[in-house]
Amino acid sequence: MTDTGESRQTAPAVRTGTATHSFGPAQNLRSRTKVLPEHARGHNRALVLQTLYHSGSMSRADLSRETGLTRVTISDLVAEFISDGIVVELGIRETVGPGKPPILIDIDRLGHQIIGLDLSDAEAYRGAVLTLDGDVIERREIPRPAQADGEAAYAAVRRLAQELVAASSATLLGVGIGTPGIVRPDGVVLSSPNLGWTDFALEAELGRDLGLPVIARNDANAAVLAEYTFGGARSDFILIKIGFGVGAGLISGSQPLLGSRYAAGEIGHVVVGTDGGPHCVCGRDGCLEAWLSVSRLRDEIAADPSSRDAVLRDAGTRMAIAIAPIVTALDLSEIVLAGPIDLLDGAFIDAATRTLRSRTLEGVFDDVVIRPTQQPDIVLRGAAVMVLSSQLGVS
């Protein structure tokens, strides 16, 4: 008997308390389309790997119960995964009573690694070799070129990636990149003023140079995947990434939002207020990015340390003004901030919370939470999620 896409259970259940490699709740990014019979095998492959990734080692019988797929289908898929080196047998599980003890299987977490690159920092490009569970094994960084020179930026990225490939110690599943700017799903950076890139095929270019699968996405969209997969965030939230620039990633109904122009979350170049403001790299004055960038906030505070709370309150207020329409239009429950905790906690969040409540419908959005992420290396870990999703169908 062969399963179609209409398996008895369309999403893997989460086992709590028994997983040996569990890493955050298993929240699947939902497909908007029905699984067709000709796509059933791909659906079942992803379902099995998703279950193993989040629930940890289990027997084939356990896997059949968790996924709703028949034991014949599970046996067939697991044999294929073992042959491909994706899944390994870990040994026999100890049992009490009659019967043959089951053999435990799991994704080969020790046999594969991922390279993640974060190009959003104000001072350096940062990268890491990561485990499939998002743990950093090796770190590297390289200074950011002084000018927004596209060729110099790519040369630095390529050199960093090559160093990390050399530092890896297992089969590489792929390379994930989180970069500022508007990025198409095929990894073409349509516009990134901070890096000097326009219509630059980053994914294809680096893939050719490294000879590895490469996935490039906007840095905030990478970060929001890490928060969703590893951080226990709700199914409808916005993550605002504040660093060299400002961007946002959106999840609504467990579905990432990219937009028809791939620019959903590009809030950094929204002009906030009518009072002018700092000059922005895009050429205008008063963009949210110009107000909120880490370099601007630190420079303002360094010039007058006594103004620290006032500077952060003003920044938090302007952020809330920019996102209040987004929160109400999408009915979001949570706003997660990714950036330096010393700047974003305290006065910044307090001012943002007050402003958001004063600019949204009273009694409806009062429970919206604004909080800093608890995820370290959030863009790097998001890059790992991108590779896992692309190569294994795991999210």
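The values are calculated or read from the model by the stated rules, or taken from the named source; none is laboratory data. Predicted, not measured: the structure shown is a model, and the values here were computed from it. Quick reminder, even Gly has a Cβ in these numbers, built from the backbone with ideal geometry, and neighbours come from all protein chains shown. Note: areas computed on protein heavy atoms with side chains; ligands, DNA, RNA excluded. Shrake-Rupley method; radii C 1.70, N 1.55, O 1.52, S 1.80 Å.
Please give the length that would be gained between VAL369 and ALA155 if that part of the chain were fully extended, namely 0.36 nm times their separation in residues minus their C-alpha to C-alpha distance (nm, one decimal).
Working: separation 214, 0.36 × 214 = 77.04 nm, distance 4.06 nm.
Extra length from VAL369 to ALA155 when fully extended: 73.0 nm.
May I ask you to order 307-314, 386-393 by the average number of other C-beta atoms within 10 Å around their residues, highest value first? Intermediate results must be reported in sequence, preceding the final value.
Details: 307-314: 17.2, 386-393: 21.1.
Sorting 307-314, 386-393 by mean packing, highest first, produces 386-393, 307-314.
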Could you order the peptides 56-69, 143-156, 223-236 from most to least packed, using the average number of other C-beta atoms within 10 Å per residue?
223-236, 56-69, 143-156
Pair SER306, LEU361: separation of 7 Å Cα→Cβ label points (nm):
4.5 nm
Order by accessible surface, 1.4 Å probe, largest leading, for residues TYR125, TYR262 comes to TYR262, TYR125
For the chain the translational diffusion coefficient, Stokes-Einstein from a Kirkwood Rh over Cα pairs at 37 °C and viscosity 0.692 mPa s, in µm²/s, is roughly 147 µm²/s
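Taking 25 Å as R0, compute the FRET efficiency from the Cβ-Cβ separation of LEU90 and GLU138 and round it to 0.05. Write down the numbers at each step before the final one.
Details: r = 25 Å, r/R0 = 1.02.
Approximately 0.45, to the nearest 0.05.
I'd like to compare 333-346, 264-277: which one has the highest average count of other Cβ atoms within 10 Å, and what's the full order after that?
Per-residue Cβ counts within 10 Å, averaged per peptide and sorted highest first, yield 333-346, 264-277.
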Using 0.36 nm per residue of separation minus the Cα-Cα distance, give me the extension gain between ARG298 and GLU80 in nm, one decimal.
73.1 nm
Can you grab the distance from the C-alpha centre of region 62-89 to the C-alpha centre of region 161-179, Å, no decimals?
28 Å
Over its Cα atoms, what ratio of radius of gyration to 2.2 N^0.38 Å does region 318-377 give?
1.10
Normalised by the empirical 2.2 N^0.38 Å for globular proteins, what value does the Cα Rg of region 253-379 take?
1.07
Nitroxide proxy distance, nm - points 7 Å out along Cα→Cβ at ALA201 and GLU123
3.6 nm
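Helix by helix, which DSSP H runs in the chain go 30 Å or more along their axis at the Cα atoms and have an average Kyte-Doolittle hydropathy of -1.0 or more? Please report the intermediate quantities before stating the final value.
Numbers: long enough: 308-330 (33 Å, 0.80).
Long hydrophobic helices here: 308-330.
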Taking 25 Å as R0, compute the FRET efficiency from the Cβ-Cβ separation of ARG65 and LEU110 and round it to 0.05.
0.45
What's the center-to-center distance, using Cα atoms, between region 269-331 and region 372-395 in Å?
28 Å
Label zone at CYS282, where the point sits 7 Å out along the Cα-to-Cβ direction: region 153-189 residues whose backbone N lies under 20 Å
179-185, 188-189
Divide the volume of the convex hull of the Cα atoms of region 228-281 by its number of residues and quote the answer in cubic angstrom per residue.
118 Å³
